[in-house]
1. Evaluate E = 1/(1 + (r/R0)^6) for GLU116 and VAL19, where r is the Cβ-Cβ distance and R0 equals 22 Å; express this FRET efficiency to the nearest 0.05.
2. Just add up the charged neighbours of PHE122: K/R +1, D/E -1, any other residue whose Cβ is under 14 Å from the Cβ of PHE122.
3. With just the Cα atoms of the range 36-111, tell me how far they stretch along each of the three principal axes, in Å, largest first.
4. Loop by DSSP (not H, G, I, E, B), at most 13 other beta-carbon atoms within 10 Å: where is the longest site-free stretch of the chain for GluC sites (Glu not before Pro)?
5. Under the rule of at least 5 residues apart or a separate chain, name every residue whose amide H is placed under 5 Å from the amide H of VAL27.
6. Starting at 0 and stepping by 10 Å, how many percent of the alpha carbon pairs of the chain end up in each bin?
7. What whole-number value in Å² describes the accessible area per residue of the range 2-125 for a 1.4 Å probe?
8. Kindly state, to the nearest 0.05, the FRET efficiency for TYR38 paired with TRP90, given R0 = 25 Å and r defined as their beta-carbon distance.
Amino acid sequence: MAGDSASTLEPLDEAVDHVRGPADAHVILVYGDYECPYTRLAFREIERVEQELRGNVRFAYRHYPLTEIHPHALAASAAAEAAAIQGRFWEMHELLFHRQKALEDEDLRGYAARLELDVARFEIDKTGAPVLERIRRDVESGDATGEVEGTPTIFIDGVVHRGRYDADALRSALRG
């Protein structure tokens, strides 16, 4: 079934997806949850791979908040999307993982202020229909793969990656 996932994985859309790295590089796509400790571990390992393979890896993140077990996951995803509207997705993304134990509304407002966002606009955007629709789009795209059952779920060059996601395992998978 892993080989079939590429045909159901929605292609990256530069206008919608959060992507960094060169367009011609190998792609690591993560469906993640900001409150999930395993997604945080994957985030740290992917950061290592990005630093080591500068120019040879592309990273994309899609939201997959597991709201049944992580009560702050949806609000954290909404905070990241509200920050994205102000051009600061990646900075908020990093803060949310580095401060994973502090995801209450007051914490999220504080992160917006720390990033020098327009906090009033951030608060409005965070609960607005476009932000919630954006998160729903990611969740639905994950569901459509038939592969995303939890977080993190990692795809490398369009194929689901099962197993370890430490930097060594990711580098090895990128080499094919």
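1. Details: r = 23 Å, r/R0 = 1.07.
Step by step, r from the Cβ atoms, then E = 0.40.
2. On the way: positive: ARG88, ARG109, ARG114, ARG121, LYS126; negative: GLU81, GLU91, ASP105, GLU106, ASP107, GLU116, ASP118, GLU123, ASP125.
Here the count lands on -4.
3. 37, 28, 18
4. Values: sites that count: GLU14, GLU68, GLU104, GLU116, GLU149.
Counting at most 13 other Cβ atoms within 10 Å as exposed, the longest clean stretch of the chain is 15-67.
5. Amide H to amide H, under 5 Å and 5 or more residues apart or across chains, VAL27 pairs with ARG58, ASP157.
6. Spelled out bin by bin, the chain gives 10, 40, 37, 12, 1 percent.
7. 48 Å²
8. Working: r = 20 Å, r/R0 = 0.82.
About 0.75, to the nearest 0.05.
The values are calculated or read from the model by the stated rules, or taken from the named source; none is laboratory data. This one's a predicted model, so the numbers in the text were calculated from it and none came from an experiment. Counting neighbours? That spans all protein chains shown, and the Cβs are built from the backbone with ideal geometry, glycine included. Each accessible area value is taken on the protein alone, full model and side chains, heavy atoms only, with ligands, DNA and RNA left out. Shrake-Rupley method; radii C 1.70, N 1.55, O 1.52, S 1.80 Å.
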